[in-house]
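The values are calculated or read from the model by the stated rules, or taken from the named source; none is laboratory data. In this text the structure is predicted, and so the values were computed from the model without any measurement. Cβ sites come from the backbone with ideal geometry, for glycine too, and all protein chains shown count toward neighbours.
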Amino acid sequence: MTNHTSNAAEIAAEVQSGRLSAAEAVEISLGRIAALDSKLNGFADVMADRARATAARLDAARTAGAALGPLAGVPFAVKSLYDVAGRVTVAGSAINRDHAPRQADQPLIQRLEAAGAILIGALNMSEYAYDFVGENVHYGHARNPHDPSRGAGGSSSGSGVAVASGMVPLSLGSDTNGSIRVPSSFCGLFGLKPTFGRLPRNGSFPFVSSLDHLGPIARSTRDLALAYDAIQGPDAADPVCAQRAPEPVLGGLEQGIDGLRIAVADGYFAKGGESLAHEAVEAFAKALGAERRVTIPEAHRARAAAYVMTAIEGANLHRERLKQRANDINPEARDRFLAGALLPGEWYAQASRFRRWYQSRVQEIFRDVDIILAPATPCVAPQFGQEIIVIDGVELPVKSTIGMFVQPISFLGLPVVATPYAKAAPMPIGVQVIAAPWREDLALRVAHHLERQGVAASRVASL
């Protein structure tokens with residue numbers, strides 16, 4: 001019987017067969033939210049009326065003999081920076097509450113619902129997407145379902161909470177410097193950061209336009225592929241969205257890894273981080289027969305350049321808010337924006353030049369390899385209030401250190417599947433499965449192989 005531990009593919013199969021109604025699937029999800037969200041604070045807005053109405057239409061269509069989509073009856077939720085018709089796009093902020101409700105759903109929501117999925121709510125997030133822990137001073141912190149005293153990972157914190165707790169089987173997040181991959185690692189989930197420009201971002205509240213990605217989070221690679229296939233496609237309203245036809249990946253998951261050239265990132269990515277982070281990478285490499293090591297050049301400078309671009313673009317986006325309502329912004333985010341406003345424009349130009357050079361150098365690596373493995377986070381989710389992480393006997397600031405492995409990859413715009421290490425306990429940790437641009441299919445194939453081998457696995461938290 002379908003329940004809160006069922007994955008999206010299982011729910012869709014039950015609904016398509018008539019063994020489960022879409023209305024029942026929605027009520028299972030709403031019941032789980034009612035039971036748990038007061039403890040976890042994953043949701044910013046539960047849209048029960050909309051979800052029930054959508055389910056009723058879906059069930060009526062099935063009764064009438066209509067063919068149902070591949071995600072029929074699957075409840076999903078979205079980070080609160082996605083536009084939802086009739087709702088204010090809060091983006092984790094207090095200031096945005098004064099905005100007018102949006103007129104239309106963000107395109108990825110429209111595409112998921114066209115495939116039969118049912119939007120059930122908007123999710124808590126770090127204010128304006130500027131945080132790696134999952135803290136929010138306005139709406140409360142999103143709490144890790146595996147240990148509510150710890151963060152769920154930012155900035156798509158609620159997106160991780162909702163899926164790892166079994167409140168929904170599927171969520172959408174965003175990733176600028178790691179905000180899909182960090183919650184996936186901390187919550188023990190599969191998350192896809194697609195190639196930069198693969199999915200349209202219009203209809204979402206931006207952070208850093210030159211680095212922003214949208215993508216799905218799920219508890220299995222099959223669910224991730226189902227969602228990704230449903231949301232692919234160009235949209236002229238996003239100027240950086242590539243005019244590429246959808247390239248479905250679900251059918252290729254079972255192709256295996258024969259012939260794929262898989263390597264482990266060494267150098268910068270082999271240093272720092274707790275031993276568990278590197279144990280996970282080595283376990284994946286062993287399961288994949290990956291003995292080759294490759295060096296991603298100047299990764300530390302790429303991270304620095306990402307910081308510069310994030311600070312300057314973020315400050316420019318929020319310039320008027322900083323002038324008029326600075327005290328209504330979380331002090332940590334506000335101070336980073338203010339610092340960005342003081343940086344000279346020539347620094348941004350230099351960071352952009354370096355990015356082009358860096359991308360070309362890494363593209364050369366992908367002439368000889370298909371997949372690169374690297375840690376996702378240097379540690380498991382920190383406790384709320386934790387300021388320091390000790391790595392190799394050195395005390396480091398935990399909040400800024402969390403992004404050390406994801407930021408240099410965001411900067412490249414490469415597709416990545418964050419993949420949970422099965423043996424991580426009691427807290428999860430993940431690995432980045434990184435592919436060349438537009439090869440999400442390969443990253444998903446490798447993650448699926450690891451999942452089938454039992455080396456990678458997600459789990460619904462015991463609550």
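Output the residues belonging to the stretch 218-232 that are of a type in the set (A, V, I, L, M, F, W, C) and either farther than 19 Å from Val433 by Cα or assigned to a loop (DSSP other than H, G, I, E, B) (or both). Matches in the stretch 218-232: Ala230, Ile231.
Conditions (1) surrounded by fewer than 24 Cβ atoms within 10 Å (Cβ to Cβ); (2) under 17 Å from the mean Cα position of the chain (by Cα); (3) farther than 24 Å from Pro148 by Cα, marked per residue:
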{"position": "Pro375", "(1), (2), (3)": "no, yes, no"}
{"position": "Lys399", "(1), (2), (3)": "yes, no, no"}
{"position": "Ile402", "(1), (2), (3)": "no, yes, no"}
{"position": "Ala443", "(1), (2), (3)": "no, yes, yes"}
{"position": "Ala457", "(1), (2), (3)": "yes, yes, no"}
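Does the stretch 316-324 contain any residue that is more than 26 Å from Gly393 (Cα to Cα), in contact with a strand residue (DSSP E or B) (Cβ under 8 Å, 6 or more places away or on another chain), surrounded by fewer than 15 Cβ atoms within 10 Å (Cβ to Cβ) and at pLDDT 95 or above? No, there is no match, as no residue in the stretch 316-324 is more than 26 Å from Gly393 (Cα to Cα), in contact with a strand residue (DSSP E or B) (Cβ under 8 Å, 6 or more places away or on another chain), surrounded by fewer than 15 Cβ atoms within 10 Å (Cβ to Cβ) and at pLDDT 95 or above. Among the conditions (1) surrounded by fewer than 24 Cβ atoms within 10 Å (Cβ to Cβ); (2) in a strand (DSSP E or B), Val431 misses just one, which is (1). When Thr54, Thr63 are screened for being polar (S, T, N, Q) and surrounded by 17 or more Cβ atoms within 10 Å (Cβ to Cβ), only Thr54 passes. Residue pairs whose Cβ atoms lie under 8 Å apart, sitting 6 or more positions apart in sequence or on different chains, and linking a residue in the stretch 303-324 that is closer than 25 Å to Phe354 by Cα and in contact (Cβ under 8 Å) with a residue 60 or more places away in the chain to a partner that is among the aliphatic types (A, V, I, L, M) and part of a helix (DSSP H, G or I), are Ala305/Ala351; Ala306/Ala351; Met309/Ala351. No other residue among Arg293, Arg321, Arg301 is closer than 21 Å to Ala436 by Cα and assigned to a helix (DSSP H, G or I) apart from Arg301.
Of the residues screened, Ala422 is not one that is closer than 19 Å to Thr295 by Cβ and surrounded by fewer than 24 Cβ atoms within 10 Å (Cβ to Cβ). Inside the stretch 386-395, residues that are surrounded by fewer than 18 Cβ atoms within 10 Å (Cβ to Cβ) and either of a type in the set (Gly, Ala, Ser) or in contact with a strand residue (DSSP E or B) (Cβ under 9 Å, 6 or more places away or on another chain) (or both) make up a count of 6. Pick from the stretch 361-408 the residues that are among the charged types (D, E, K, R) and not in a strand (DSSP E or B): which of them is farthest from Ala302 (Cα to Cα)? Among those that are among the charged types (D, E, K, R) and not in a strand (DSSP E or B), it is Glu387.
For the stretch 233-275, a residue qualifies if it is in a loop (DSSP other than H, G, I, E, B), in contact (Cβ under 8 Å) with a residue 40 or more places away in the chain and within 30 Å of Ser6 (Cα to Cα), and the qualifying residues are Gly233, Glu247, Val249, Gly256, Ile257.
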